[in-house]
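The values are calculated or read from the model by the stated rules, or taken from the named source; none is laboratory data. This is a predicted model, so every value here is computed, not measured. Cβ placement follows ideal geometry from the backbone for every residue including glycine, while neighbour counts extend to all protein chains displayed. Note: areas computed on protein heavy atoms with side chains; ligands, DNA, RNA excluded. Shrake-Rupley method; radii C 1.70, N 1.55, O 1.52, S 1.80 Å.
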Amino acid sequence: AFIATFVEIGGMLIVGYFTGHMLGWDHMDSLFLGGMLAMSSTTIIIKAFEDLKLKGQRFTEMVFGILIVEDIVGIIMMLSTLAAASADISTLELIESVMRLLFFLVLWFVLGMYLVPSFFKRAERLMNDETLLVASIGLCLGMVVLATHMGFSAALGAFIMGSLIAEAPSAEKIEHLVKPVKDLFGAVFFVSVGMLVDPALLLEYAVPIIVLVIVTLVGKLLLSGAGVLLSGQNLNTSMHCGFSLAQIGEFSFIIASLGMSLGVISDFLYPIIVAVSVMTTFTTPFFVMAAEPAYQFTKKLLPQRTLEWLDRYT
């Protein structure tokens, strides 16, 4: 996951930067564009996998790993941006922020291995369905509060607590109980994203939006697939991962908001990136479904010697 993520993010930073320059944007707009195009959407991908009943397959586990590493790299990028753009933040404070992140990850490991699973194991007999649901959501919101106070995104905190509860003996039951709540907030998320789209701006910036949608779909598909392939996975898994990660989402909004709050990017960049996110959200399930036919076609197209070399590399 680390190898694949660094290939994808490094590649998309470069592709996004040069695309911004081609569109006539200045240095900071292009740099932030690269950062925004590098981040895939955890919410959209997980929703697509659930709706298409693909959870539990080898490539979906790899995609989840990449999404976690992306979030961590995204946080480090945001901290670096704050350090570079604001004279109030020193190198020492940046190191302190990175150390907080490392502490948070160690806490994640300790909680995941010992405390949370043990809590659910011991309290299982004392809890009915309602208590189990409230306890699970309470733990989730508690981790969100902790992550927010430590300077990280609420989404990362919620994601981490979800991974901890997944280790509990009653994880399958909790997943069933939380589903209605998840569907409600999933609907709120997509409505809120839709409300950010101004149809007038779509027409005004139609050309850059179309260019960025194409760059996102093609760039992330190729770079994500190549990163997974370089990490030692087979061609089938690599192509499925590449097709699944071909979109941008909520983390891109956070990066855009950061740039605007620091006053280092233009105002038009935020609505453009939201429009690109919405369009790539619509294409995500179709790309996920197209992965298998694309793999079969590529397999027939490649020479036998190349396929044998890929097998040896895997």
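The residue that is farthest from the chain's Cα centre (by Cα), among those in the stretch 232-254 that are among the hydrophobic types (A, V, I, L, M, F, W, C) and under 22 Å from L222 (Cβ atoms), is L235.
Scanning the stretch 11-53 for residues that are out of contact with any Gly (no Cβ under 9 Å at 6 or more places or on another chain) and surrounded by fewer than 19 Cβ atoms within 10 Å (Cβ to Cβ) yields H21, M22, L23, G24, E50, D51, L52, K53. For P117, the criteria (1) surrounded by 12 or more Cβ atoms within 10 Å (Cβ to Cβ); (2) out of contact with any Asp or Glu (no Cβ under 7 Å at 6 or more places or on another chain) hold in every case but one, which is (2). Hey, can you tell me all the residues within the stretch 124-163 that are in a loop (DSSP other than H, G, I, E, B) and either open to solvent by 40 Å² or more (accessible area, probe 1.4 Å) or closer than 30 Å to M99 by Cβ (or both)? Of everything in the stretch 124-163, those that are in a loop (DSSP other than H, G, I, E, B) and either open to solvent by 40 Å² or more (accessible area, probe 1.4 Å) or closer than 30 Å to M99 by Cβ (or both) turn out to be N128, M150, G151, F152, S153. Within the stretch 42-58, residues that are over 11 Å from G249 (Cβ atoms) sit with their Cβ atoms under 9 Å from residues that are surrounded by fewer than 17 Cβ atoms within 10 Å (Cβ to Cβ) and of a type in the set (K, R), at 6+ positions apart or across chains, in these pairs: F49/K55.
Taken over the stretch 54-65, the criterion of being out of contact with any Phe, Trp or Tyr (no Cβ under 7 Å at 6 or more places or on another chain), open to solvent by less than 100 Å² (accessible area, probe 1.4 Å) and not polar (S, T, N, Q) is satisfied by L54, G56, F59, M62, V63, F64, G65.
For the stretch 164-184, the candidate set comprises residues that are in a helix (DSSP H, G or I) and open to solvent by less than 40 Å² (accessible area, probe 1.4 Å); within that set, the residue that is nearest to V69 (Cα to Cα) is L164. For beta carbons closer than 7 Å, sequence separation of 6+ or different chains, a first residue in the stretch 160-174 that is within 13 Å of A135 (Cβ to Cβ) and a second that is open to solvent by less than 10 Å² (accessible area, probe 1.4 Å) and among the hydroxyl-bearing types (S, T, Y), the qualifying pairs are I165/S136; I174/S136.
Residue by residue, here is whether (1) more than 28 Å from N234 (Cβ to Cβ); (2) within 13 Å of the chain's Cα centre (by Cα); (3) part of a helix (DSSP H, G or I) holds:
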{"position": "L31", "(1), (2), (3)": "yes, no, yes"}
{"position": "G35", "(1), (2), (3)": "yes, yes, yes"}
{"position": "M39", "(1), (2), (3)": "no, yes, no"}
{"position": "V63", "(1), (2), (3)": "no, yes, yes"}
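Of the residues screened, T81 is not one that is in contact with a Gly (Cβ under 8 Å, 6 or more places away or on another chain), assigned to a helix (DSSP H, G or I), modelled with pLDDT under 85 and closer than 22 Å to F243 by Cβ.
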